[in-house]
Amino acid sequence: MQPEIDTYCLSHSTPEPELLQALSRETHLRMVQPRMLSCWQQGLLLQQLAKLAKSKTMLEIGTFTGYSALCLAAALPPNGVLHTYDVDDEALEVAQAFFAQSPQAAQVRVHHQSALEGAPLLKETFDFVFIDGDKREYPDYYRMALNLTPSGGLIVADNVLWSGKILAAPLAGDRHTRALQEFNEMVRSDSAVEKIMLPLRDGLTLIRKK
């Protein structure tokens, strides 16, 4: 997309809240890979999807510094909850500091562990799941999400285009690309879901369980 078109789209969208702007600045100052941060276009899309789906229970796999979690939490009803999982100490420290400043602070449950290990133990179902964790585990995340999502639930997966690497045979030892290719094929061939892959940023797939 041309930069001018991107700027035009943003200027005709709901403005980015100051808290998220501050989080973006802090992430770029403190984190080694700030490009892992969600952008406002993506965050706002996630928020709108969660609102349209009237999501009350959400699961996020991969918190990083909390940008997407804050966007999703803003879509929760008063009795809703977001469970977010990550294993990165430094990233979670930033995330929790900003969660504390959010009006939805009490609705965000931060788990410092692998989602694959922790989420099934909650004994809950989730009507919205956002997958943005370790790319090598995407196939396992998908299997878990399907088990934890009721009919009509929405699963959203980030980074499904992986800078275009998914179009070619992965290099030897490139487990990230190989796992993403496997995940994309799993979703494509799964007749139990409706899906659409969007070329937004690094690729976003929306999956609705039938």
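Can you pull out the residues in region 67-90 that are touching a residue at least 60 places away in the same chain (Cβ under 8 Å) and either crowded, with 22+ Cβ neighbours inside 10 Å or of a type in the set (S, T, N, Q) (or both)? Give the derivation first.
Looking only at region 67-90, we keep the residues that are touching a residue at least 60 places away in the same chain (Cβ under 8 Å), and these are 68, 90.
Ser68, the sole residue that qualifies.
Among the residues of region 132-139, is there at least one that is of a type outside the set (Gly, Ala, Ser), outside any loop (DSSP other than H, G, I, E, B), touching a strand residue (DSSP E or B) at 6+ places or on another chain (Cβ under 6 Å) and closer than 30 Å to Lys54 by Cβ?
No, the conditions are met nowhere in region 132-139.
Here's a check for you: in region 169-183, which residue that is of a type in the set (A, V, I, L, M, F, W, C) and under 20 Å from the mean Cα position of the chain (by Cα) is farthest from Asp158 (Cα to Cα)? If you could, list the steps in order and put the result at the bottom.
First pass over region 169-183, keeping only residues of a type in the set (A, V, I, L, M, F, W, C): 169, 171-172, 179-180, 183.
From what is left, the residues that are under 20 Å from the mean Cα position of the chain (by Cα) are 179-180, 183.
Working: Ala179: 13, Leu180: 10, Phe183: 11 Å.
For region 169-183, the residue satisfying everything is Ala179.
When region 102-133 is examined, which residues are found to be within 26 Å of Leu180 (Cα to Cα) and among the polar types (S, T, N, Q)? Let's see the steps before the verdict.
First, the residues of region 102-133 that are within 26 Å of Leu180 (Cα to Cα): 110-121, 125-133.
Gln113, Ser114, Thr125 - these are the residues of region 102-133 that are within 26 Å of Leu180 (Cα to Cα) and among the polar types (S, T, N, Q).
Restrict the check to region 170-183 and report whether at least one residue is buried (at least 19 other Cβ atoms within 10 Å of the Cβ), farther than 18 Å from Thr125 by Cα and in contact with a strand residue (DSSP E or B) (Cβ under 8 Å, 6 or more places away or on another chain).
Taking every residue of region 170-183 in turn, at least one turns out to be buried (at least 19 other Cβ atoms within 10 Å of the Cβ), farther than 18 Å from Thr125 by Cα and in contact with a strand residue (DSSP E or B) (Cβ under 8 Å, 6 or more places away or on another chain).
Scanning for something surrounded by fewer than 20 Cβ atoms within 10 Å (Cβ to Cβ) and over 21 Å from Ile155 (Cβ atoms), does region 57-66 turn up at least one residue?
No - not one qualifying residue is present in region 57-66.
Right, Val94: in contact (Cβ under 8 Å) with a residue 24 or more places away in the chain, under 25 Å from Ala75 (Cα atoms), among the β-branched types (Val, Ile, Thr) and buried (at least 18 other Cβ atoms within 10 Å of the Cβ) or not?
Values: in contact (Cβ under 8 Å) with a residue 24 or more places away in the chain: yes; under 25 Å from Ala75 (Cα atoms): yes; among the β-branched types (Val, Ile, Thr): yes; buried (at least 18 other Cβ atoms within 10 Å of the Cβ): yes.
Taking the combined requirement at face value, the residue satisfies it.
Identify all residues within region 5-24 that are of a type in the set (Asp, Glu), assigned to a helix (DSSP H, G or I) and either loosely packed, with under 12 Cβ neighbours inside 10 Å or in contact with a helix residue (DSSP H, G or I) (Cβ under 6 Å, 6 or more places away or on another chain) (or both); write none if there are none. Full working, then the answer.
Residues of region 5-24 of a type in the set (Asp, Glu): 6, 16, 18.
Narrowing the set further to residues that are assigned to a helix (DSSP H, G or I) leaves 6, 18.
Passing the criteria: only Glu18.
Residues in region 25-56 that are farther than 20 Å from Asp88 by Cα, in contact (Cβ under 8 Å) with a residue 12 or more places away in the chain, assigned to a helix (DSSP H, G or I) and of a type in the set (A, V, I, L, M, F, W, C): how many?
Residues flagged as farther than 20 Å from Asp88 by Cα, in contact (Cβ under 8 Å) with a residue 12 or more places away in the chain, assigned to a helix (DSSP H, G or I) and of a type in the set (A, V, I, L, M, F, W, C) within region 25-56 amount to 6.
Quick one: which of Val160, Val187 is in contact (Cβ under 8 Å) with a residue 12 or more places away in the chain, surrounded by 12 or more Cβ atoms within 10 Å (Cβ to Cβ) and farther than 21 Å from Cys9 by Cβ? Spell out how you get there, then give the answer.
Details: Val160 fails: farther than 21 Å from Cys9 by Cβ.
Only one candidate qualifies: Val187.
Each value in this text was obtained by applying a stated rule to the coordinates, not by laboratory testing. Keep in mind that this is a model prediction, so the values were computed, not measured. FYI the Cβ positions are ideal-geometry reconstructions off the backbone, even for glycines, and counts take in every protein chain you see.
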